[in-house]
Amino acid sequence: MFQHVIKNEEELRAIIGEPSELVKNKVIHHLDENCKEYIKQSPFLTLATSDADGNCDVSPRGDEKGFVHILNDSTLIIPERPGNKRVDSMKNLLSNPHAGLIFFIPGMEETLRVNGRACLLADEDLLEKMAHKGKVPTLGIAVEVEECFLHCAKAFNRSGLWDKGTWLEKEERPSATKILTEHARLPDLDEEAVTKRLNESYRERLY
């Protein structure tokens with residue numbers, strides 16, 4: 001299907017080149033005060049995992065800023081709020097503890113990347129510290145930090161993600177209920193029923 005597939009790092013470097021000294025040296029292996037402050041101001045992250053066979057998944061996690069609990073210089077905990085119960089990320093972590101996180105701050109184009117090893121925890125004393133609106137999270141994902149570094153803003157520069165002038169009008173956006181209805185293909189669920197289900201979930205089951 002493709003005429004030229006890159007098969008090794010030597011070929012890759014011949015095309016891309018080498019990173020600068022700044023890029024080579026920006027990685028740290030713990031959460032310093034700069035990383036902690038970024039995480040405290042972040043309301044959203046993506047969590048990348050894979051299973052024992054290397055099948056990958058990326059899942060969003062979000063809440064009010066500071067929802068991720070910083071336990072110490074090497075460990076953070078992501079509270080597991082109510083979701084759709086697929087638990088893709090958590091199933092992956094049971095067989096492969098490696099995890100990658102990207103933290104976002106709205107309006108800021110640089111992101112914070114954290115890589116490490118994760119586990120699932122049910123320690124009540126820790127989970128209670130992440131309670132919100134009187135609801136204690138059911139589980140937590142603890143990540144032991146192995147790498148931490150700031151990622152440059154070029155992807156955001158190119159995409160204009162935070163520029164409202166690039167945003168689609170509501171009527172131009174893909175319909176989530178249409179996509180979900182057509183993918184699920186359940187005989188007793190039409191778009192109206194799916195819309196009602198989603199709105200009820202968003203309204204009543206966030207915590």
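The values are calculated or read from the model by the stated rules, or taken from the named source; none is laboratory data. Given the structure is predicted, the values throughout are model-derived calculations rather than measurements. Cβ atoms come from the backbone with ideal geometry, glycine included; neighbour counts cover every protein chain shown. Side chains included, ligands, DNA and RNA excluded: accessible areas come from the protein's heavy atoms. Shrake-Rupley method; radii C 1.70, N 1.55, O 1.52, S 1.80 Å.
Points to keep in mind about this one:
- Residue in segment 45-60 that is most open to solvent (accessible area, probe 1.4 Å), counting only those that are part of a strand (DSSP E or B) and touching a Lys or Arg at 6+ places or on another chain (Cβ under 8 Å): Thr46
- Scanning segment 87-111 for residues that are open to solvent by 60 Å² or more (accessible area, probe 1.4 Å) and either touching a Leu at 6+ places or on another chain (Cβ under 6 Å) or not in a loop (DSSP other than H, G, I, E, B) (or both) yields Lys91, Leu94, Ser95, His98, Glu110.
- Scanning segment 1-37 for residues that are assigned to a loop (DSSP other than H, G, I, E, B), farther than 17 Å from Glu147 by Cα and of a type in the set (Asp, Glu) gives a single hit, Glu18.
- Unique residue being more than 24 Å from Leu120 (Cα to Cα), modelled with pLDDT of 95 or more and of a type in the set (A, V, I, L, M, F, W, C) when the list is Phe44, Phe2: Phe2
- Matching entry among Leu126, Leu139, Leu198 (being in contact with a helix residue (DSSP H, G or I) (Cβ under 9 Å, 6 or more places away or on another chain) and surrounded by 14 or more Cβ atoms within 10 Å (Cβ to Cβ)): Leu139
- Residue satisfying condition, being small (Gly, Ala, Ser), free of Cβ contacts under 8 Å to residues at least 12 places away in the same chain and either farther than 25 Å from Leu31 by Cα or not in a loop (DSSP other than H, G, I, E, B) (or both), within set Gly140, Gly165, Gly116: Gly165
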